[in-house]
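*Asks:* Take this structure, written in structure tokens, and hold onto it; I'll ask about it next.
Just so it is clear, none of the values below were taken in a lab; they were calculated from the coordinates. What you are looking at is a predicted structure, and each value in this text was computed from that prediction instead of being measured. Cβ sites come from the backbone with ideal geometry, for glycine too, and all protein chains shown count toward neighbours.
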Amino acid sequence: MCAPTPGLRRVMVLLAAALVSASVTAGEGWREEGVQYGQVGADVVLSCAGHPGRSGVEWRRDGAAALPEGCILRDGDLLLPQAKLAAGGAYSCHDGTGQLLRSVSLRLGYLPGIPSVTCRASDYENFSCSWTPSVETFLPTRYITTYRKKLLMGDEKWSRTQSSQVGPCVQDPGRPRTCTVPKCEFWSSYRLNVTEVNPLGSSFRLLDVTMQAIIKPDPPEGLVVEPVPSAPRRLRVHWQYPASWPKEPHFQLKFRLQYRPVAHGSWSMVETVNLSEVITDAFSGLEHVVQVGAKDFLDAGNWSEWSAEARATPGPGLTMAPGDEATTDAGLESPAEEPSLAPNPEPVDRSDPLEKVAVLISLGIFAFVILAVVLGIASTVCLRLRKPSKDETKKHDFLAAAVHMRALPKAQIL
């Protein structure tokens, strides 16, 4: 038997999903006793059950004889052409004596639209998906959520032979419109099917999911910020991995830290792979706010949301519990103009005398070397200028002899 072509395979997938939706609709039964569903904009017929074609039938809506505009009474049935949403309500039919023959609650709404689905993995073992309906149907709605693991890389080849590769995306009653796929493989891909079903029909969305693309850790936890003693421009920050991220050596996180004085709006940012960092360019006496985010160490997926804020004020002798909203008197040590929030280019703390001495010694040695080189070059140039060359000496002696011979009498020359 020949295998179906890729195009036919795709059609079969869509048809299977539609059949599943239809079977659930019929099997679970939207036919509630005394309730009739209808589609807005379509013709709706209410029959007086057990009394078809009976003359003298009277229809009432919500106990009153006033019926929606444009309705038609035909052979004891009530026809609502192109029914509007407002036409829903409790209808009843009565005989000529006013005796109740049948009552029905008419609920009008719309067919389901294709839901919008997004997925996210807070760790490398599970991923969860959430969805929102694209159409407000005004009718009771259920969702069917399943997934299929991709068996082969590339093309549209999806596993169909092993029942273990197909399963439900488990819905949590406490979190409406969400489901979770447990025990995933980080390097695998999955196809998710979210089907929205109501009494009028169904609609579904197929979404291909790759774990590396949707990984997004939860924010780091336990953020603590504290001043460094005797260092008025430093703050020590440390935090912990999010509890949802398994601490395995093969799946590490990297972090980014953002901080700023509370009174200013511009953030400074640094990245690190450690669980602590020392801020070296804080402003002494100004309260700072700090947050930290996380991302997969190999740069897969997206950055987490920022953690909760923690605050501290750098300065000698000041200690502050993290998270306390301590206020500072900005008028005591605030500069005359707003300080720049650009990182401090100096790698050392100006208040450290040992580091200052080391810098001064280095600068002195460098200046001595430069001065020695300049003096050497100058001495060489001077020596070359003062020492005449051999050719110039020979030329000068020849000219002097010629002049001397010219001054002698011819007899003496001969």
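*Asks:* Using a basic spin-label model with each label point 7 Å from the Cα along Cα→Cβ, how many nm lie between I361 and Q240?
*Replies:* It works out to 4.4 nm between the two label points.
*Asks:* Sticking with this structure for a sec: Calculate, in nm to one decimal, what L111 and S379 gain on full extension: separation in residues at 0.36 nm each, minus their alpha carbon distance.
*Replies:* Going from the current span to full extension adds 86.8 nm.
*Asks:* Also: Which residues among segment 111-150 fall inside the zone where the amide N is under 19 Å from a point 7 Å beyond the Cα of Q82, along Cα→Cβ?
*Replies:* In segment 111-150, the label zone of Q82 (backbone N under 19 Å from the point 7 Å along Cα→Cβ) covers 111.
*Asks:* Let me ask something additional. Å³ per residue of the Cα convex hull, for segment 213-304?
*Replies:* Taking only Cα atoms, segment 213-304 has a hull volume of 98 Å³ per residue.
*Asks:* Sticking with this structure for a sec: Using θ = phi - 60° and the Karplus form 6.51 cos²θ - 1.76 cosθ + 1.60, what ³J(HN,Hα) does each residue of segment 102-117 get, whole Hz, x for Gly and Pro?
*Replies:* For segment 102-117, the Karplus curve yields 7, 10, 8, 9, 8, 10, 10, x, 10, 5, x, x, 6, x, 8, 10 Hz.
*Asks:* Could you pull out every residue, at least 5 positions away or on a different chain, whose amide H is within less than 5 Å of the one on A312? Hs are placed 1.01 Å off N in the peptide plane, and Pro or chain starts have none.
*Replies:* Distant-sequence amide H within range of A312: H288.
*Asks:* Now for a different question. Measuring from label point to label point, each 7 Å out along Cα→Cβ, what is the H250 to N302 span in nm?
*Replies:* In this crude label model, H250 to N302 measures out at 2.6 nm.
*Asks:* May I pose another question? With r as the distance between the Cβ atoms of S266 and R120 and R0 = 22 Å, compute the FRET efficiency 1/(1 + (r/R0)^6) and round to 0.05.
*Replies:* Efficiency computed from Cβ-Cβ geometry: 0.15.
*Asks:* Could you list the square roots of 5 times each eigenvalue of the Cα gyration tensor of segment 189-264, that is, the equivalent ellipsoid semi-axes, sorted largest first and rounded to whole Å?
*Replies:* The answer is 44, 18, 11 Å, longest axis first.
*Asks:* Separate question: What FRET efficiency do you get for T180 and T132 if R0 is 25 Å and r is their Cβ-Cβ distance, rounded to the nearest 0.05? Working shown, then result.
*Replies:* Numbers: r = 17 Å, r/R0 = 0.69.
After rounding to 0.05, the efficiency reads 0.90.
*Asks:* Within segment 177-256, report the chymotrypsin sites (Phe, Trp or Tyr not before Pro) that DSSP leaves as loop and that have at most 12 other Cβ atoms within 10 Å.
*Replies:* Sparse-neighbourhood loop chymotrypsin sites (Phe, Trp or Tyr not before Pro): W187.
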